[in-house]
Amino acid sequence: MENNNKIAVIGAGIIGITMALQLARRGHAVTLFDKSRPAEGCSKGNAGHFATEQVFPMADPTLLTKVPGMLVDPVGPLRIEPTSLLKNIPWFVRFLTQMKSRCFRTGTSALRSLNERALPAYQRLLGDKYHTLISSNGSLLVFEGDESSARQSYNKYAKQDISVSLLTGDQAREMEPSLSSTITWALYFDKVAHSTDPYALCVTLFELFIQLGGEFKQSAVEKITQTEHGYILNAAEHQTTFDKVVITTGVASKTLCGSLGYPLPMIAERGYHNMLTVNNTLARPVASNERGFIMTPMATGLRLAGTVEFAALDSKPNYSRARALLHHASILLRQPLPQHSETLWVGCRPSLPDYLPVIGPAPNHHNLYFALGHQHLGLTQAAISSECIADLIDNKPNDIDLTPFSIARFN
């Protein structure tokens, strides 16, 4: 039995790595655990978009009229595996209940409280490395229909005080000459950012953590036991004691939290990317309103990412979903795209039915904390989530109301 008097952070995705670094920066002795190397899941293959403009929960009432068309479109942005639908009926029922106007307003306010502080939190964490790792060129959301749809979206964002401009298709092409004539309107978000290499960002954060004396153990945590003085973690046949524990385990959180008496209605929501070896295509991320995907310029090419697929966690990836992204990109871009130099990837987003993360203390365990379930916004919300938890641990005030993010809402 090793008595370290440390903080254990379980899960080494972008949330866990950022959490470990934040706590180490504040002088805590931190051990980071993961069964894999750091950032090997969604943190490695995400779209690289710090989507601070996305303050609206996915449980949007307007989605109901769009879902049937999405499901019958073979290259559409949504697919639900029949077995997954049957198995996860309770999740989908909860998702539908979140479409109530009161729930949607509450969720929007909660997401906005995190997102508007997200990039400043990264700036505080990264210091002078911020501008070498994060590009602040804004992003575009493009439309292929008439003005009404674009203007309706513009008004929706503007109402939330999101910094946004409504552009014609020609104005969008002035910003991004590679965009095709099929684009009729666009929204320009000037306060968002992107990473040209999300994995390199994670590696840099992890290296900063190690330089501060942090410890990484590549081992799955099989059991957490509360004691009078802290917690015992069982990992790879070893037991280690810690004063405090932070759980940041993504899609694996459902099992781990359940073992502690906190049932989570979490689902593994698949996303895909298609990495193309083409450079100098775009200067900033470009998302499609109708097609439900995003094109992000990366250091090694153009990443096409997105789609939503509800499927069993262990079912075989459907890479036709990733290849379909190339079809969509070829319509939105003027230049020919390579057809045979693609790298395909799939990852599982940890999604809860209200599309809000769990951030805060465990109601029935002292010195146990959660930062998980960030669905599509893990990259965006990692740094601000780490500040919230670190302030709780350090008994420091924080102006974010964590009540909407409490795990108690599911128990």
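For residue 125, state whether it is under 19 Å from the mean Cα position of the chain (by Cα), modelled with pLDDT of 95 or more and outside the structural domain of residue 378 (by the TED database). Yes; evaluated as a whole, the condition is true for this residue.
Looking at the stretch 103-118, is at least one residue farther than 21 Å from residue 358 by Cβ and buried (at least 19 other Cβ atoms within 10 Å of the Cβ)? The answer is no, given that none of the residues of the stretch 103-118 is farther than 21 Å from residue 358 by Cβ and buried (at least 19 other Cβ atoms within 10 Å of the Cβ). Cβ-Cβ contacts under 6 Å between residues 6 or more apart (or on different chains), taken from a first residue in the stretch 75-88 that is touching a residue at least 40 places away in the same chain (Cβ under 8 Å) to a second residue that is part of a helix (DSSP H, G or I) and open to solvent by 40 Å² or more (accessible area, probe 1.4 Å), are listed as 75/327; 76/70; 77/70; 78/70. Residues that are crowded, with 17+ Cβ neighbours inside 10 Å, among the polar types (S, T, N, Q) and part of a helix (DSSP H, G or I) do occur in the stretch 72-84, at least one of them. Considering each residue of the stretch 262-280 in turn, none proves to be small (Gly, Ala, Ser) and open to solvent by 20 Å² or more (accessible area, probe 1.4 Å). Among what's in the stretch 199-229 and is assigned to a loop (DSSP other than H, G, I, E, B) and of a type outside the set (D, E, K, R), pick the residue that is surrounded by the fewest Cβ atoms within 10 Å (Cβ to Cβ). Going through the qualifying residues, I end up with 227. The lone criterion from (1) surrounded by 15 or more Cβ atoms within 10 Å (Cβ to Cβ); (2) among the acidic types (Asp, Glu); (3) farther than 21 Å from residue 382 by Cα left unmet by residue 170 is number (1). When the stretch 387-405 is limited to residues that are touching a strand residue (DSSP E or B) at 6+ places or on another chain (Cβ under 7 Å) and open to solvent by less than 10 Å² (accessible area, probe 1.4 Å), the one that is farthest from residue 106 (Cα to Cα) turns out to be 389. The single residue among 196, 184 that is open to solvent by 10 Å² or more (accessible area, probe 1.4 Å) and touching a Pro at 6+ places or on another chain (Cβ under 9 Å) turns out to be 196. Summed over the stretch 331-357, residues that are touching a His at 6+ places or on another chain (Cβ under 6 Å) and more than 28 Å from residue 61 (Cβ to Cβ) total 1.
The values are calculated or read from the model by the stated rules, or taken from the named source; none is laboratory data. Computed from a predicted model, the values in this text were never measured in an experiment. So basically every Cβ, Gly included, is an ideal-geometry build from the backbone, and we count neighbours across all protein chains shown. Side chains are part of the model used for accessible areas, which takes the heavy atoms of the whole protein and leaves out ligands, DNA and RNA. Shrake-Rupley method; radii C 1.70, N 1.55, O 1.52, S 1.80 Å.
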